Amino acid sequence: MSTTAPSLAAPLTALLPAVAGDALGQARAWADLASDERRRRASAAAVAHDGRALAALADAYLTLRGSAGATVSAHTRRAYRTGILALVAAWREENLLHPGQEAAAIWLRALETGGASPSTARVRLAGGRLLYRALRWTRATAADPFTDTRAAPDRTAPWDKRSPYTPEEIAQLLGAASVRDQVLVLLGAHAGLRVAEACAVRWEAVDLATGRLVVEAGKGGKRRVVPLSGSLRAALLALGPGKGEERVAPITADVVRERIERLARKAGLRYRGYHALRHAAGTRAAREGLGLEGIATFLGHSNVQTSRIYQHWADESVRQTVSAW
């Protein structure tokens, strides 16, 4: 019987298929490896520039050692994965275990000069840093190429990015929508949910009698209770759970975005992403007098300062002043 060590593909063929979609299972599979075997596999993946295996390793490390633990959102995991795959592809000529002294800075500056937005560059940088934390965890390398690498500052003010849909635009979206799509729009525009939160809402978490919705696992794994607007409550009543449906929106975040984009085109509007619906909810709350603490509680912000952007969007005094000139 052969005692040959698993091949380079072992992190994928032996670990990932058995725990597909299970972040904790994948992390445990890596953690259960003997230390020397974990180092061997990580080293082999780095030598072969196997982006998939390295991204899986980094995801396992994120689950085990990251500050958010297993509650890291699927969106964040995808962002890290995309950054790692981009780095590995760009460094085909680099020794990943011993990259050149300026390799990280050159890669980041190439992203910036190549048209990547400041936010994209920062996400790619975060992916690179995570990868090397994971590689050091396995003892495959001691390299830390991103230690002193900093992304260029983003000079665009937060309120100049992804402005919210206006109340008139939301009315147009609702007018063009089916009942199911009305619920999707209102979960963002009235309940202030992120797209992942909207997809995760279970019917058992919706209390139509008291007009409340429980977000069981918001960003960072936080739980919060959101009041239902009259419009959202009526749409939920009209929709009702389908046979055997546990979730209000039993679809993926990508499908939700596609449906809202089609709806925007149907309504003759520019699609701004699902998150602009959440921005609309925060802006309306600020415009109607809800303070920073209230907005932060409503939207599930961990830092009340994040809520200031909605006060800016709600403040129409400058526009009104200038328009009267």
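The values are calculated or read from the model by the stated rules, or taken from the named source; none is laboratory data. As the structure is a computational prediction, the values presented were derived from the model and not from experiment. Virtual Cβ from ideal backbone geometry, glycine too; neighbours counted across all protein chains shown. The protein model used for the area step is the full one, side chains on, heavy atoms only, and it has no ligands, DNA or RNA in it. Shrake-Rupley method; radii C 1.70, N 1.55, O 1.52, S 1.80 Å.
The tail of the calculated P(r) for the chain, taken as Cα-Cα distances beyond 38 Å, holds 28 percent of the pairs.
Estimated at 0.36 nm per residue, the fully extended path between H275 and N95 surpasses their Cα-Cα distance by 60.9 nm. Protection proxy ranking of 185-197, 99-111, by the mean of other Cβ atoms within 10 Å over each peptide's residues and highest first, is 185-197, 99-111. As a fraction of the 1.4 Å probe accessible area of the chain, surface on carbon and sulfur atoms comes out at 52 percent. Taking the alpha carbon gyration tensor of the range 114-212, multiplying each eigenvalue by 5 and rooting it gives semi-axes of 40, 22, 10 Å, largest first. The simple Förster model, with R0 at 41 Å and r as the Cβ-Cβ distance, assigns R202 and R52 a FRET efficiency of 0.80. Taken along the Cα-to-beta-carbon direction at a fixed 7 Å, the label points for A34 and S119 span 4.7 nm. Computed extension length for K266-A209: 17.2 nm, one decimal, from 0.36 nm per residue of separation with the Cα-Cα distance subtracted.
Between S163 and E293, the modelled label-to-label distance comes to 3.2 nm, taking each label 7 Å out from Cα in the direction of the beta carbon. Stretching the chain fully between D144 and T71 yields a gain of 23.7 nm (0.36 nm per residue, less the alpha carbon separation).
Each Lys and Arg adds +1 at its Cβ and each Asp and Glu adds -1 at its Cβ; summed about the Cα centre, the range 29-134 shows a dipole of about 260 debye.
The Cα center of the range 76-106 and the Cα center of the range 200-270 differ in position by 38 Å.
Taken per residue, the accessible surface of the chain reaches 52 Å², heavy atoms only and a 1.4 Å probe.
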